[in-house]
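> One structure is given below, represented as structure tokens, and several questions about it will come after.
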């Protein structure tokens, strides 16, 4: 299991367009991806759940990646930001 | 005798021709109010077929619009809306399999996410709740066999929905 601590740099936060691009990345991989902001969690492959977290620029989130391809997934998720 | 309905739009009259700027379409705002909250699926397979047919029709329209777009930004917006559409349809499919009819489930899922996103704490992302409501409304229109534009009728409320036109 990999846990990434990420500070979002996108100036408009993780809104619909970046969330959609993020999902195109995460859906290519079989690992389970959870995004945690505070005490709330979202499935990293579900755009509606990600939008519900309301991740703004400067927010810090944990991204938990668990599965066979977790290393390559983690690299791509890190590159996304 | 049939009553005549007069609809008056207020605004500045302009000459015919092309214009670049914001555009709006008029759409009924109460489509979800017409749907039962707890309608059960009589035949699950038929409900699923209905959903898939509406999904594929709407997706086709969105792709057509995306492919005709000349700006990458607009194409990205439509791609994001397709992602939202597929996420909504995925959740509706699950609920149909649990016995809810397509329309009730779509209403529930759309309004649930609309409320969650609009109260997410981020003003900017909260505005994206409108995208969810818009996509859900369009899918509902397809499910109910309606086109995207419904002519005005007395006693019905409307909203102006923004569509995306980019300045060149």
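> If we keep just the residues of the stretch B:84-108 that are in a loop (DSSP other than H, G, I, E, B) and surrounded by fewer than 20 Cβ atoms within 10 Å (Cβ to Cβ), which is farthest from the other protein chains (Cβ to nearest Cβ)? First the steps, then the outcome.
Step one: filter the stretch B:84-108 for residues in a loop (DSSP other than H, G, I, E, B), giving B:98-99, B:101.
Next, from what is left, pick out any that are surrounded by fewer than 20 Cβ atoms within 10 Å (Cβ to Cβ): B:98-99.
Values: B:98: 18, B:99: 22 Å.
So, considering only residues that are in a loop (DSSP other than H, G, I, E, B) and surrounded by fewer than 20 Cβ atoms within 10 Å (Cβ to Cβ), the one farthest from the other protein chains (Cβ to nearest Cβ) is B:99.
> Separate question: Filter the stretch A:60-72 for residues that are free of Cβ contacts under 8 Å to residues at least 60 places away in the same chain and not in a strand (DSSP E or B); which is farthest from the chain's Cα centre (by Cα)? Can you show your working first?
If we filter the stretch A:60-72 for residues that are free of Cβ contacts under 8 Å to residues at least 60 places away in the same chain, which is where we start, we get A:60-62, A:67-69, A:72.
Next cut, not in a strand (DSSP E or B) only: A:67-69, A:72.
Numbers: A:67: 15, A:68: 17, A:69: 15, A:72: 14 Å.
The qualifying residue farthest from the chain's Cα centre (by Cα) is A:68.
> Let me ask something else. Count, please, the residues in the stretch A:11-59 that happen to be assigned to a loop (DSSP other than H, G, I, E, B) and surrounded by fewer than 16 Cβ atoms within 10 Å (Cβ to Cβ).
So the first thing to find is which residues in the stretch A:11-59 are assigned to a loop (DSSP other than H, G, I, E, B), and the list is A:11-15, A:27-31, A:38-39, A:44-46, A:54-59.
Next cut, surrounded by fewer than 16 Cβ atoms within 10 Å (Cβ to Cβ) only: A:11-12, A:27-28, A:30, A:38-39, A:57-58.
Residues in the stretch A:11-59 being assigned to a loop (DSSP other than H, G, I, E, B) and surrounded by fewer than 16 Cβ atoms within 10 Å (Cβ to Cβ): 9 in total.
> Please determine whether any residue of the stretch B:73-83 is surrounded by fewer than 18 Cβ atoms within 10 Å (Cβ to Cβ), on the phi < 0 side of the Ramachandran plot, outside any helix (DSSP H, G or I) and free of Cβ contacts under 8 Å to residues at least 24 places away in the same chain.
no
> Right, next: Does the stretch A:30-39 include one or more residues that are within 23 Å of residue B:135 (Cβ to Cβ), within 14 Å of another protein chain (Cβ to nearest Cβ) and at pLDDT 90 or above?
Looking for residues that are within 23 Å of residue B:135 (Cβ to Cβ), within 14 Å of another protein chain (Cβ to nearest Cβ) and at pLDDT 90 or above, one finds at least one in the stretch A:30-39, hence yes.
The values are calculated or read from the model by the stated rules, or taken from the named source; none is laboratory data. Just so you know, these numbers come straight off a predicted model, no measurement behind them. Counting neighbours? That spans all protein chains shown, and the Cβs are built from the backbone with ideal geometry, glycine included.
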